[in-house]
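Worksheet for the structure shown next.
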Amino acid sequence: MNSGEFTVDAKQVIAMFNEFNSKLKKKTFSTALRKAATILRKQTVANLRQVVKRTRGRNRWNGKTLESGIRIKIAKSGQAAKVHLMGDFRLKFFEMGTAQRQVTSIKGKKLKKARNTGRIQGKYYFKSAKQQTESKVFDSIEQHLIDTIKKINNKYKGKQ
């Protein structure tokens, strides 16, 4: 048998999983979901880098990068994972775009005529990342579950 090949007996894995208490079952699901959600996060960051310059530069008011605004959240129940952009509000503007914007006053002084300040075209980097990785994420969840169950079983074998 090559080192790259392996076989998994589903009955053994299910038996191992059924031996876990509720805390370990929750940990198993949340670990597998986090690993699967990380695939989408990495693709989103890669797409953002193609669209926006200086995604790793720190902003001046909170010292965070644009990339750090793409976050993963696992539900407390361990049954759902969410990847979202709202860790940094600026990411929403690059994803969805903005309408034409105008300035009507400068330093409290009213302008006679509104001045156009432009608009941002929506780049839809998150939407395309979801489409690119959707099948990969769902396929990887099963494999991550199996790996996590084996890892936890080996760690807690003698403790239960």
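Here are a few things to note about the model shown:
- At a probe radius of 1.4 angstrom, the accessible area of the range 109-154 per residue rounds to 77 square angstrom.
- Label of the coordinate-derived value, Cα extents along the principal axes in Å, listed as (1) 77, 32, 23; (2) 58, 47, 21; (3) 89, 36, 25: (1)
- Principal-axis analysis of the Cα atoms of the chain puts helix 125-156 at an angle of about 30° to the longest axis.
- Straightening the chain between R90 and S68 buys 6.8 nm, computed as 0.36 nm per residue apart minus the Cα-Cα spacing.
- Sparsely packed loop sites in the range 77-160 (the trypsin sites (Lys or Arg not before Pro) outside DSSP H, G, I, E and B with at most 14 other Cβ atoms within 10 Å) comprise K107, R119, K157, K159.
- The residues of the range 1-107 expose on average 70 square angstrom of accessible surface per residue, using a 1.4 Å probe on protein heavy atoms.
- Three-way shape label, the range 46-87, alpha-carbon gyration tensor, a/c 1.5: oblate
- Gaussian network model of the chain, Cα within-10 Å springs - most flexible of G63, G87, G78: G63
- Added length on full extension, which subtracts the Cα-Cα distance from 0.36 nm per residue, Q143 to K25: 40.9 nm
The values are calculated or read from the model by the stated rules, or taken from the named source; none is laboratory data. Because the structure is a prediction, the values reported are computed rather than measured. Quick reminder, even Gly has a Cβ in these numbers, built from the backbone with ideal geometry, and neighbours come from all protein chains shown. Just so you know, the surface numbers come from the protein's heavy atoms only, side chains and all, with ligands and any DNA or RNA stripped out. Shrake-Rupley method; radii C 1.70, N 1.55, O 1.52, S 1.80 Å.
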